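See structure below.
Values quoted throughout were computed directly from the atomic coordinates according to the rules given, and no laboratory measurement underlies them. Just so it is clear, the structure is predicted and the values come from calculations on it, not from any experiment. Positions of Cβ are generated from backbone atoms using ideal geometry, with glycine treated the same way; all protein chains shown enter the neighbour counts.
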Amino acid sequence: MKGNTLNQFIDDLQSTGGPEKEFSYKGKRYFLESANIGDGTIEMVVFQCFGKEEYIFRCIGKSFSECAKQFESAKIFDGKTIYEVEQDIEVLYG
């Protein structure tokens, strides 16, 4: 991973939900954002910038940590997790 270490990236998600990160993977740009949506509920989403306006990952949970764990196991990068493709990711913002 360029622009962050993988540990920094995941630590940011677990502690504050990012709160926003823009990154690229295989020439595509992605945006991750998290927010407290009320009543102790957190939403974390990832979508492709300049692509279809749909989430490729979405978690609604009770904590940033809960959503970060779901993100870590999500196979949203060509059927692979962030751990399997981290060498191909560049963090552009966040």
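The number of Lys pairs in the chain with C-alpha atoms less than 18 Å apart, excluding pairs fewer than 8 positions apart on the same chain, is 11. Axis of helix 6-16 versus longest Cα principal axis of the chain: the two differ by about 20°, to the nearest ten degrees. Taking the square roots of 5 times each eigenvalue of the Cα gyration tensor of the chain, largest first, gives ellipsoid semi-axes of 20, 14, 12 Å.
Compared with the dominant principal axis of the Cα atoms in the chain, helix 64-73 is inclined by about 40°.
Rounded to the nearest 0.05, the FRET efficiency derived from the C-beta distance between Ser15 and Glu54 at R0 = 22 Å is 0.20.
Computed FRET efficiency, Cβ-Cβ of Ser73 and Tyr93, R0 22 Å: what is it to the nearest 0.05? List each step's numbers first, then the result.
On the way: r = 24 Å, r/R0 = 1.09.
Efficiency, from the Cβ-Cβ distance: 0.35.
Can you give the FRET efficiency for Gln8 and Lys62, using 1/(1 + (r/R0)^6), R0 = 25 Å, r = Cβ-Cβ distance, to the nearest 0.05? Mind dumping the intermediate values first?
Details: r = 24 Å, r/R0 = 0.95.
The formula returns an efficiency of 0.60 here.
Helical runs (DSSP H, four residues minimum) scored at -39500 (n - 2.57) apiece and divided by the length of the chain put the mean residue ellipticity at 222 nm at -7500 deg cm²/dmol. Here the dipole of the chain is about 220 debye; that uses its Cα centre as origin and unit charges on the Cβ of Lys and Arg (positive) and Asp and Glu (negative). Evaluating 6.51 cos²θ - 1.76 cosθ + 1.60 at θ = phi - 60° for every residue in segment 79-94, the Karplus couplings come out as x, 10, 7, 4, 5, 7, 10, 4, 5, 9, 9, 10, 7, 9, 7, x Hz, glycine and proline recorded as x.
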